[in-house]
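This report refers to the structure that appears directly beneath it.
The values are calculated or read from the model by the stated rules, or taken from the named source; none is laboratory data. All values derive from a computational prediction rather than experimental measurement. We place every Cβ from the backbone using ideal geometry, glycine too, and count neighbours over all the protein chains shown.
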Amino acid sequence: MNVMSAISRKAEFPGLVGADGQPWHYLDTAATAQKPQMVIDAMSRALGADYATVHRGVYSRSAQMTLGYEAARRRVAAFIGGREDELVFTRGATEAINLVAYSYPDKRRVLLSQLEHHSNIVPWQLAGWQVDVCPLTTDGRIDLDAVEAMLTPDHTMVALAHVSNVLGSVLDARRAADLAHSVGAKLLLDGCQAVPRMPVDVAALDCDFYAFSAHKLYGPTGIGALWGRAELLDALPPWQGGGSMIDRVTFERTTYALPPQRFEAGTPAIVEAIGFAAACDYVDSIEVASIVRHEADLVAALRGALAPMSDVTLFGPEDSAGIVSFALQGVHPHDLGTILDEENVAIRAGHHCAQPLMDTLGVPATARASFGLYSDQADVAALVRGIERARRIFA
Ligand code: PMP
């Protein structure tokens, strides 16, 4: 499938129409992606005609739904090149990272980077790890030379964003894995922003844990996944107790189910799992490589339009993946966001849940445009027009 046919997918997203019926230039896909009709339909069926609980029912509808839920696990695991017994459904990337931070048995030192999302900082702090932080290169990438210099045998975990949600910088994950493993540490990748915009194969990356959320991958909110190597998941004790995660319960002693069920206490997000799998089908039907090219073209067009503007600062590397952060001199990002909203252009303005990165950049906030497979050059043009209007208003 080529880039043009990726663009023509726009009509499949009912959310891309503004309240006034006009096109809505949605440039906040890094926060959450709009949903294709196919995902909405799959969830609607699961919530309607197919609905029943999973794992417990003896009647056929429940048995059918259990098959659907476990097929969804297989589908999501396959999407990142993993095995189904290595794929835990969580509430999202945040819960997936918390699970590892709390349950990993050897909690010593974790090495993070300055560009991490709060969800890849705070869980490690709360769970009592000693946190070390590696710097960024001048163009906003995780500095892997610094990682190499900082790692010690006392580090048991390295946890890094595969793609930065603010700068769009892409990690050389394979090298990060080699570095972590060279001191005996494990590598957890926060794949939230990578799975929607590049092919991900956990085996090729050689990582140990991979966390991501369905809602950034054109799927529903309320569900995400933790992939982990089988032998590592096996060594993790349960972290939440309840139904479905047990083998045998008595008041004296309880034994637990094998992974992944061991980490899925309670009735799971059944309908969301079906939607998650449908989203994987949808993205695969387009071919991720064409999404990569498509978003790279949009990033190049936006950076190309903004670079000559002397009052605009661009953050992050030129080859950022689908995400462009910038500042317009004399206009607070929130004001810019409000002015753009009047033009049916939706961007994100703020610290993007990455306050330590804002401190590093020396700004309280940035404006951020982020693309999806449905974004097009008209969205870029509308954003550039809006920036020019904001400049005139604040002149
Ligand atoms: N990591 C990154 C890089 C993100 O962009 C986000 C969402 N903004 C998260 C983690 C957290 O994801 P969620 O809120 O879906 O758990």
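Computed quantities for the displayed model
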quantity	calculated
Any hit, the range 142-149, residues being within 15 Å of the ligand (Cβ to nearest atom), under 19 Å from Ala194 (Cβ atoms), crowded, with 16+ Cβ neighbours inside 10 Å and in contact (Cβ under 8 Å) with a residue 40 or more places away in the chain	no
Only one of Val3, Val39, Val58 that is within 24 Å of the chain's Cα centre (by Cα) and modelled with pLDDT under 95	Val3
Among (1) loosely packed, with under 15 Cβ neighbours inside 10 Å; (2) out of contact with any Pro (no Cβ under 8 Å at 6 or more places or on another chain) - the single one Ala289 does not satisfy	(2)
Residue match in the range 349-362 (condition: in contact (Cβ under 8 Å) with a residue 40 or more places away in the chain, assigned to a loop (DSSP other than H, G, I, E, B) and of a type in the set (Ser, Thr, Tyr))	no
Selected residue [farther than 14 Å from Leu87 by Cα, of a type in the set (S, T, N, Q) and buried (at least 20 other Cβ atoms within 10 Å of the Cβ)] from Gln240, Gln193	Gln193
Unique residue being within 13 Å of the ligand (Cβ to nearest atom) and more than 19 Å from Ala77 (Cβ to Cβ) when the list is Val183, Val166, Val195	Val166
